[in-house]
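K.L.:
Quick one: this structure, given as structure tokens, is what I'll be asking you about.
The values are calculated or read from the model by the stated rules, or taken from the named source; none is laboratory data. Computed from a prediction, not measured in an experiment: that's the story for all the values here. A quick note on method: Cβ atoms are made from the backbone with ideal geometry, for glycine too, and the neighbour counts reach across all protein chains shown.
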């Protein structure tokens, strides 16, 4: 049977976010498919690969083609037998959530608290709310940087932010051992993409605590100004999930924000794999 031709359709006027049609990620050894998805990922920042039906092992195998996979610090929220998969889910078992029910409900980029933050994340929609809720917002941090005034670009040169993962989730918090593993790390407020060369604002939501060598008020004011600019409508795309979607975003030049939904009456169950990246520069 001949392979279906892969189509890449931009979904946003600025070329940010694209839809990939015709791919089958179960065929993780297909080099032409891999090359097409990697090129789309670099060109558009975020891609949605439609109509997938993968096992956990197949998701891991395809994700691993982009690099080593990161194992999330939250061990109890990993898929049993597949520690590379973080469960983003409000399903329960024995009265406890099987995964993170409230994952990412603020603007952030994944694992910025690590010295080598995530290159990219694959989020596979296994079940979505029947009423169509549970959207995810994505923002284009490279376009946001390019739209900054020259004075602000100059002001940001050389500035570092302190990223620390120490907040609580719905129904559980980090253990002392987990906190000890994550002392925090410094990253530039503007990073250069190692593959495209584009610069992007690099923020981390509640994980980015302050700007180093800046007083608390000035740090808070600067970060508030950057968040307001970067998350304005001009740079934001809203993804409405379908079951079988795999969204693959580039954490080096995007942020995302999972929208609240009626999690008492609807199920949102997803599998996330995360590709480890390099030290930002």
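K.L.:
Please find, among 99, 132, the residue that is closer than 29 Å to residue 233 by Cβ and in contact (Cβ under 8 Å) with a residue 40 or more places away in the chain. Spell out how you get there, then give the answer.
P.N.:
Values: 99 fails: closer than 29 Å to residue 233 by Cβ.
Sole residue among the options that is closer than 29 Å to residue 233 by Cβ and in contact (Cβ under 8 Å) with a residue 40 or more places away in the chain: 132.
K.L.:
Another question about this same structure. Hey, any hits in the stretch 123-146 for a residue that's farther than 29 Å from residue 55 by Cβ and loosely packed, with under 15 Cβ neighbours inside 10 Å?
P.N.:
Yes, because at least one residue in the stretch 123-146 is farther than 29 Å from residue 55 by Cβ and loosely packed, with under 15 Cβ neighbours inside 10 Å.
K.L.:
I would also like to ask the following. Go through the stretch 1-113 and tell me which strands (runs of 3 or more DSSP E), entirely inside it, have 3 or more residues that are touching a helix residue (DSSP H, G or I) at 6+ places or on another chain (Cβ under 8 Å). Spell out how you get there, then give the answer.
P.N.:
Details: elements: 7-10, 18-21, 46-49, 82-89.
Passing ranges, in order: 82-89.
K.L.:
A follow-up question, please. Just to check your reading of the model, which residue among 183, 129 is over 30 Å from residue 93 (Cβ atoms), assigned to a loop (DSSP other than H, G, I, E, B) and out of contact with any helix residue (DSSP H, G or I) (no Cβ under 9 Å at 6 or more places or on another chain)?
P.N.:
Sole residue among the options that is over 30 Å from residue 93 (Cβ atoms), assigned to a loop (DSSP other than H, G, I, E, B) and out of contact with any helix residue (DSSP H, G or I) (no Cβ under 9 Å at 6 or more places or on another chain): 183.
Quick grid of which residues meet (1) out of contact with any strand residue (DSSP E or B) (no Cβ under 6 Å at 6 or more places or on another chain); (2) farther than 23 Å from residue 252 by Cβ; (3) surrounded by fewer than 22 Cβ atoms within 10 Å (Cβ to Cβ):
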residue: 13; (1), (2), (3): yes, no, yes
residue: 16; (1), (2), (3): no, no, no
residue: 21; (1), (2), (3): no, yes, yes
residue: 29; (1), (2), (3): yes, yes, yes
residue: 36; (1), (2), (3): yes, no, yes
residue: 39; (1), (2), (3): yes, no, yes
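K.L.:
Please state which one of 151, 140 is in contact with a helix residue (DSSP H, G or I) (Cβ under 7 Å, 6 or more places away or on another chain) and at pLDDT 95 or above. Show your work before the answer.
P.N.:
Values: 151 fails: in contact with a helix residue (DSSP H, G or I) (Cβ under 7 Å, 6 or more places away or on another chain).
After applying the criteria, what remains is 140.
K.L.:
Would you mind stating whether residue 99 is in contact with a strand residue (DSSP E or B) (Cβ under 8 Å, 6 or more places away or on another chain), on the phi > 0 side of the Ramachandran plot and crowded, with 16+ Cβ neighbours inside 10 Å? Step through it out loud before you land on a result.
P.N.:
Working: in contact with a strand residue (DSSP E or B) (Cβ under 8 Å, 6 or more places away or on another chain): yes; on the phi > 0 side of the Ramachandran plot: no; crowded, with 16+ Cβ neighbours inside 10 Å: yes.
Answer is no for this residue.
K.L.:
If the requirement is being within 12 Å of the chain's Cα centre (by Cα), more than 20 Å from residue 182 (Cβ to Cβ) and not in a loop (DSSP other than H, G, I, E, B), which of these qualifies: 137, 119?
P.N.:
137
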